[in-house]
Amino acid sequence: MGLRVGLYGFGSIGRLIARMALERGHEISAVVDIDPSLQGRDAGEILGLPEPLGVGISKEPAELRGVDVVLHATGSYLDRVYPQILAAIDAGADVVSTCETLAYPYYRYPRLARLIDAHARRRGVSVIGTGINPGFLLDSLVVTLASSLGVVDSVRAVRSLDAARRRLPFQRKIGVGMDPGEVRAKLERGELTGHVGYAESVLLIAEAAGLRLERVEESQDVVPAEMDVESHGVRVERGRNLGIRGYGAGYASGREVVRVEFHAYVGAEEYEEIRVEAGENRVTWRSTGTPGDLGTAAVILSIAEDIGGRRPGLLLMTDLLPFHPRFR
């Protein structure tokens, strides 16, 4: 049976989620977005459907009342979207959000995490942050692969993608074509986000394994072009910025035991690679690359289809996984 879905956020990701929800047999029952140019218009028109959906886009979260699940896709930082999450909870529906820092909110926003958990429990609904990354490729998939070995020494996961093949808003947030010094300064000031979620992925892996980390590090930096680079119609001149490269690392017993890396720049090879070290055994898994936006929508909907009947409160992806690797 299909779900009655409410969309909170109807930008490019929200629309992709909506299209996939319809393809999977769900009903779009409400759409909320603060963009004045969208309000009052039929969601089907915005999606380019041949027929109207009969669902007008509203700025009022109260329109979400009566849906089974709210699929939330507006921002990366929990402190900025916290009121939206509360409003979605107040609608009496489960909430599945693309907010990267909600994937493991106890790291950056422990107080907000506790408040969300308490509010969701009172309302009898479940809340979770997930997506392709964090949520799947650099954490849940790592946990699953590492669980095939007895006692793990370390894990390393890399996601690499060609930024030229991604949508323009993504290219902008990693500073493609800009002066590298300007990008670095904007990253430090928070004017550009780059990738959000290095530490969250590290901590999700540790959570699944019952691993107590001594510290977590994360960093990202620009990738200046050493020569003119062109890929999929995007050209970056020598000396300009191709994109970003970053990492998150978790340490235990004085050594690095968990490492995740994200490479996103014009001309980068497309792949994901996960390496698990366990004594004399080593397992390496490698893909040919995952479409990020499509993957995000698919993961969001998979979790939405599973979350009904889960315990009320704030959930992590590790609460849904049956696998729990152990580290040496």
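The values are calculated or read from the model by the stated rules, or taken from the named source; none is laboratory data. Computed from a prediction, not measured in an experiment: that's the story for all the values here. Positions of Cβ are generated from backbone atoms using ideal geometry, with glycine treated the same way; all protein chains shown enter the neighbour counts.
Does Ala208 qualify as being outside any strand (DSSP E or B), over 21 Å from Val183 (Cβ atoms) and touching a Ser or Thr at 6+ places or on another chain (Cβ under 7 Å)? Against the criterion (outside any strand (DSSP E or B), over 21 Å from Val183 (Cβ atoms) and touching a Ser or Thr at 6+ places or on another chain (Cβ under 7 Å)), Ala208 qualifies.
Filtered by the rule that a residue be of a type in the set (A, V, I, L, M), within 15 Å of Tyr107 (Cα to Cα) and either in contact with a Lys or Arg (Cβ under 8 Å, 6 or more places away or on another chain) or not in a strand (DSSP E or B) (or both), region 212-241 gives a lone residue, Leu213. Going by the conditions given, is Ile17 touching a residue at least 12 places away in the same chain (Cβ under 8 Å), within 20 Å of Leu294 (Cβ to Cβ) and not hydroxyl-bearing (Ser, Thr, Tyr)? It is true that Ile17 is touching a residue at least 12 places away in the same chain (Cβ under 8 Å), within 20 Å of Leu294 (Cβ to Cβ) and not hydroxyl-bearing (Ser, Thr, Tyr).
Only residues that are out of contact with any His (no Cβ under 9 Å at 6 or more places or on another chain) and either in a helix (DSSP H, G or I) or within 17 Å of Gly295 (Cα to Cα) (or both) were counted in region 130-156, giving 15. Filtered by the rule that a residue be small (Gly, Ala, Ser), buried (at least 19 other Cβ atoms within 10 Å of the Cβ) and over 20 Å from Val143 (Cα atoms), region 285-312 gives Ala297, Ala304. Taking the criterion of being over 26 Å from Leu137 (Cβ atoms) and exposed (fewer than 15 other Cβ atoms within 10 Å of the Cβ), the residues of region 225-277 that qualify are Glu226, Met227, Asp228, Glu230, Arg235, Glu237, Arg238, Gly239, Ser253, Gly254. On the basis of being small (Gly, Ala, Ser), closer than 18 Å to Tyr265 by Cα and either surrounded by 14 or more Cβ atoms within 10 Å (Cβ to Cβ) or in contact (Cβ under 8 Å) with a residue 12 or more places away in the chain (or both), does Gly210 make the cut? No, not satisfied.
Per the listing Ile303, Ile244, Ile274, the residue uniquely in contact with a strand residue (DSSP E or B) (Cβ under 9 Å, 6 or more places away or on another chain), among the hydrophobic types (A, V, I, L, M, F, W, C) and not assigned by TED's automatic domain parsing to the domain that holds Ala157 is Ile303.
Looking only at residues in region 257-291 that are charged (D, E, K, R) and free of Cβ contacts under 8 Å to residues at least 40 places away in the same chain, the one that is farthest from Ser219 (Cα to Cα) is Glu280. In region 213-224, the count of residues that are more than 23 Å from the chain's Cα centre (by Cα), over 26 Å from Tyr77 (Cβ atoms), surrounded by 16 or more Cβ atoms within 10 Å (Cβ to Cβ) and without any contact (Cβ under 8 Å) to a residue 60 or more places away in the chain is one or more. Per the conditions (1) closer than 26 Å to Arg80 by Cβ; (2) outside any helix (DSSP H, G or I), the sole criterion not satisfied by Met1 is (1).
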